[in-house]
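Structure first, commentary second.
The values are calculated or read from the model by the stated rules, or taken from the named source; none is laboratory data. Computed from a predicted model, the values in this text were never measured in an experiment. Cβ placement follows ideal geometry from the backbone for every residue including glycine, while neighbour counts extend to all protein chains displayed. In case anyone asks, the SASA skips ligands and DNA or RNA and just uses the protein heavy atoms, side chains included. Shrake-Rupley method; radii C 1.70, N 1.55, O 1.52, S 1.80 Å.
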Amino acid sequence: MEHILKLESEIRTKYQITIPEEIRVKAKLSVGDKLLWQYDEVRDEIIVMPKPKSFSDKLWGLGKELWTDEPSDDYVRKERENW
């Protein structure tokens with residue numbers, strides 16, 4: 001788990017936190033950027049991630065490893081022929 005950076009920060013009186021500098025730099029965060037928060041009840045973990053400026057850009061290419069045996073266009077064409 002060498003690729004995981006673990007640092008800490010303190011929750012202030014108004015529930016404000018400071019993102020540690022090393023994480024801000026690695027995540028390329030800037031003033032005004034938005035963060036998405038998620039709470040996993042099963043693992044009792046808080047997950048924080050930068051909100052993508054464009055969700056479609058962030059998802060581009062997701063699942064491309066599924067199409068190593070057959071190009072996706074060919075698969076879709078075959079499926080459409082069966083309609």
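Which of the residues belonging to the range 2-24 are within 18 Å of the chain's Cα centre (by Cα) and exposed (fewer than 10 other Cβ atoms within 10 Å of the Cβ)?
His3, Ile4, Lys6
Specify which of the listed residues (Ile17, Ile23) is aliphatic (A, V, I, L, M) and touching a Ser or Thr at 6+ places or on another chain (Cβ under 6 Å).
Numbers: Ile23 fails: touching a Ser or Thr at 6+ places or on another chain (Cβ under 6 Å).
Only one candidate passes the filter, namely Ile17.
Every residue in the range 25-54 that is in a strand (DSSP E or B) and exposed (fewer than 10 other Cβ atoms within 10 Å of the Cβ), please.
Kept after step one, since they are in a strand (DSSP E or B), are these residues of the range 25-54: 35-40, 45-50.
Within the range 25-54, Trp37, Gln38, Tyr39, Asp40, Glu45, Ile46 meet the criteria.
Could you look through the range 60-83, keep only residues that are among the charged types (D, E, K, R) and open to solvent by less than 100 Å² (accessible area, probe 1.4 Å), and pick out the one that is modelled with the highest pLDDT?
First, the residues of the range 60-83 that are among the charged types (D, E, K, R): 64-65, 69-70, 73-74, 77-81.
With the extra rule that they be open to solvent by less than 100 Å² (accessible area, probe 1.4 Å), the set shrinks to 70, 74, 79.
Working: Glu70: 83, Asp74: 88, Glu79: 91.
Among residues in the range 60-83 that are among the charged types (D, E, K, R) and open to solvent by less than 100 Å² (accessible area, probe 1.4 Å), the one modelled with the highest pLDDT is Glu79.
Which condition number does Asp57 fail, the rest of (1) at negative phi; (2) part of a loop (DSSP other than H, G, I, E, B); (3) among the charged types (D, E, K, R); (4) open to solvent by 90 Å² or more (accessible area, probe 1.4 Å) being met?
Result: Asp57 passes all but (2).
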